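A quick write-up on the structure given underneath.
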Amino acid sequence: MVTVMLFALQGLSSGWEDGEPHGNGNQVVYRKDVAGPFNTENPGPECSRRIGEVPYSGAYSLMVSGHSNSGYAYCYYSLFDNDIPVTAGTKLRYKIHHQGTSKVSIDAHFKDGGTLRDGGFHDQHGVNIHPGQRNDPVGVWHEVEVDLSAAAGRTLDVILVGFDNGSDGFTGSYRAYIDEFSVSTDAAIGVHLRSMGDPWVVAEGAGGHAVNANRAAAGPWETFTLFDLNGGSLNHGDPIRLRTWNGVHYLIAYPNGALDARSANPGAFEVFTLERRAGGGAVREGDTIGLRSAHGMWVVAEGGGGGIVNANRGGFGPWEEFRIHAAPGFSLGGGGGGGGSHHPSPIAGRLRLHGDRMFVDDNGPVLPIFCHFGEAFSRYTRNRDAVRHQLDVIAQAGYHGIRFWTVLSGDYWRGREVGENFTADYWGQMRDFLNDIKVRGLRAVISQGGMGSIDVPDRFGFAQRMSDILDQTGTADVVAIFEGANESWQTGESDPNRLAQFVGWVKNRHPATLYTISSPPGEGREELNAWSIPPADLFDVHGYRGGRWWDKVRHIFSIPYEGQPNKRLGWQGEPTGPGAAVSVTENKHELDDHTLAAMCAMSLMSRQAWCYMSGPGVLFDSPIHDQPGFWSVPRMRDALPSDVMNFDALIHGGTRWANERVFAAEGETRCDHALSGDGRFAVVIYGPTLTYTQVRAATIEKVTDLGGKARIIVGRR
């Protein structure tokens, strides 16, 4: 028999074995038309520990039974009376074996009121946890996992088990066995492992395949989520699991000494003991560590690195040594963040405007950088786990949030439609989605993908229902910008005044949120002004996609420099980007890490919040984070002064500004400046060559080079 280890890191777990919590026995809290398993009152409905009947592992399991006597019947049992705080990453897990019907599930009550079953929570397959909506297989063991992150900050005070036929007409006996139950929060840290011969450890294909130690650099496939299974800080001797980049697979050591990353159901073989070469104490950045498998064998990089990784050594020698490093956005020694997600640059409180000068939050000036994830909500209604994993990566990369579409229809979106006319429990799923954004420290830019009668049949009703959902999720913690619609002039509403009315209905309910009307067909002053009428706070533009890459950068600067729309601050919600689904883009092959970062830097310097755009950010058919620029773009906030949008003047490096410029441009090079009245400056220098001259005395404080294609210089005149 294999004993499966259950680690309750924060919370509660039981397999009903000796020495584990057993909970209450046969404690019915409310029922309707349900009797005992023999349709009697003595014995009545049962919920108790049983030995040797149908255990999943060990000798014991929990048995639940009764008899339904009407087409709408239910019986709920109190199992544990424990206060369990819910945080980001808290998950309910259990295994269940149904007999007669699948209408039995674990439930729970929140201390501040409400239950899991009525809270819109779903399992890993997208099925509501309400027992009346369960469709688990009957007669076999079935695993259930429910992410409770949307309830972060609340407390569970009663764990329940419920039978509820949900008015489906089921009558007769029901019985279920439950084993390996837990409500727990895993402590997680993103890490890289480097073999002693220098190559990095890699899970081929980001997981699901072999594990090697043959990479010269650490990227996504070389990034692992380390779950510290006893919580707290990471220390010598801690049991851990290592999940691969795809968020699905774990490293597993087999009894024969082989090791790979093919396991999607972590148990005992996926647990390793981490040991410091230096002995007891906290694990720190760059420490030399070893990993001992559940079979007592050490993980080894064959040859010290350069080939396969196994778990078949009886001692801790040089080939069994690895140096551990925190992945970007994480740090060792502090225990990490819940659920494998960590946000290095969260917005504190509400994103708002300081007059019309710059974006700020509770901590001061903000340079907003979002990631386009247009199909996110549509895909969320079909595959929540895939979207949640992508949100985790977006947060880890340092983006402030995502832009997504609430409604999608038409031939282009066939099979991906989302909206009140297409999606079951549309508003409940919207609430869940915004909560999943919230618990990751992200913010949302909400845009309607269309405003036609199929997309939004009742505009006023839609505005009110959306406002209700924002009340429930907390707009200050979720919504950064609300757009009236995406390119409304071609997606259902050509009159900006009518669209402004729709935006106004939402703004009346939530006046502190930032609003735009929609992007116009072009980026001229008159068009931008026509589509940024009240109640808009920002102009909204979908960036220029023609010319060479430096033409695209120049157009971003030209909007405030030459066009000077009425709104000083703007939002580049859908600029150019890599990938097939980003349409009508000339010289797309030029859009690499450096050119995309240069566009972002120019946008921020030119008083426009930025959104990283990519093909998978339109049609989510592959990871967004595999696209050029994904990792380099968010770093641009560190290349510029946080209050650069507040600088007084924008000038270029030509002779017109000979008395003001710090750098003079030559040839096709451009030196676009932002100048502050206190003498500070920021310059984005870019072009097919970087040919320029410093013509004014200045103290250079920071230089960010973008692969020889662009250079960002910050200093003081």
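The values are calculated or read from the model by the stated rules, or taken from the named source; none is laboratory data. Given the structure is predicted, the values throughout are model-derived calculations rather than measurements. No Cβ is skipped: glycine too gets one built from the backbone with ideal geometry, and neighbour counts run over all protein chains shown. Areas reflect the complete protein model, heavy atoms only, side chains present, ligands, DNA and RNA absent. Shrake-Rupley method; radii C 1.70, N 1.55, O 1.52, S 1.80 Å.
Can we say Ala150 is of a type outside the set (D, E, K, R), within 27 Å of Arg384 (Cβ to Cβ) and not in a strand (DSSP E or B)? Yes: the conditions hold for Ala150. Here the condition is being surrounded by fewer than 22 Cβ atoms within 10 Å (Cβ to Cβ), aliphatic (A, V, I, L, M) and either modelled with pLDDT of 95 or more or within 14 Å of Arg717 (Cα to Cα) (or both); of Ala682, Ala674, Ala664, it holds for Ala664 alone. Within the range 596-604, not a single residue is open to solvent by 10 Å² or more (accessible area, probe 1.4 Å) and in contact (Cβ under 8 Å) with a residue 24 or more places away in the chain. Residues in the range 258-268 that are in contact with a His (Cβ under 8 Å, 6 or more places away or on another chain) and either open to solvent by less than 10 Å² (accessible area, probe 1.4 Å) or not in a loop (DSSP other than H, G, I, E, B) (or both): Asp260, Ala261, Arg262, Ser263.
Evaluating Asp648 against the criteria (1) surrounded by 13 or more Cβ atoms within 10 Å (Cβ to Cβ); (2) out of contact with any helix residue (DSSP H, G or I) (no Cβ under 9 Å at 6 or more places or on another chain); (3) closer than 16 Å to Leu604 by Cα leaves one unmet condition, (1). Could you tell me whether the range 611-622 includes any residue that is open to solvent by 40 Å² or more (accessible area, probe 1.4 Å) and farther than 22 Å from Gly449 by Cα? No, because not a single residue in the range 611-622 is open to solvent by 40 Å² or more (accessible area, probe 1.4 Å) and farther than 22 Å from Gly449 by Cα. Restricted to the range 98-135, and to residues there that are hydrophobic (A, V, I, L, M, F, W, C) and in contact (Cβ under 8 Å) with a residue 24 or more places away in the chain, the residue that is farthest from Asp168 (Cα to Cα) is Phe110. Scanning the range 226-249 for residues that are modelled with pLDDT of 85 or more, of a type outside the set (D, E, K, R) and open to solvent by less than 30 Å² (accessible area, probe 1.4 Å) turns up Leu226, Phe227, Pro239, Ile240, Leu242, Thr244, Trp245.
Looking at the range 487-497, can you tell me whether even one residue there is hydrophobic (A, V, I, L, M, F, W, C) and either open to solvent by less than 10 Å² (accessible area, probe 1.4 Å) or touching a residue at least 60 places away in the same chain (Cβ under 8 Å) (or both)? Scanning the range 487-497 turns up no residue that is hydrophobic (A, V, I, L, M, F, W, C) and either open to solvent by less than 10 Å² (accessible area, probe 1.4 Å) or touching a residue at least 60 places away in the same chain (Cβ under 8 Å) (or both).
Can you pull out the residues in the range 358-383 that are among the polar types (S, T, N, Q) and buried (at least 20 other Cβ atoms within 10 Å of the Cβ)?
Ser378, Thr381
Considering (1) without any contact (Cβ under 8 Å) to a residue 60 or more places away in the chain; (2) more than 16 Å from Ile347 (Cα to Cα); (3) out of contact with any Pro (no Cβ under 8 Å at 6 or more places or on another chain), the lone condition that Met466 does not fulfil carries the number (1).
More than 22 Å from Gly290 (Cα to Cα), in contact (Cβ under 8 Å) with a residue 40 or more places away in the chain and in contact with a helix residue (DSSP H, G or I) (Cβ under 7 Å, 6 or more places away or on another chain) - does that describe any residue in the range 150-159?
Looking through the range 150-159, at least one residue is more than 22 Å from Gly290 (Cα to Cα), in contact (Cβ under 8 Å) with a residue 40 or more places away in the chain and in contact with a helix residue (DSSP H, G or I) (Cβ under 7 Å, 6 or more places away or on another chain).
Looking only at residues of the range 48-72 that are surrounded by 22 or more Cβ atoms within 10 Å (Cβ to Cβ) and at pLDDT 95 or above, we find that the one that is farthest from Phe38 (Cα to Cα) is Leu62.
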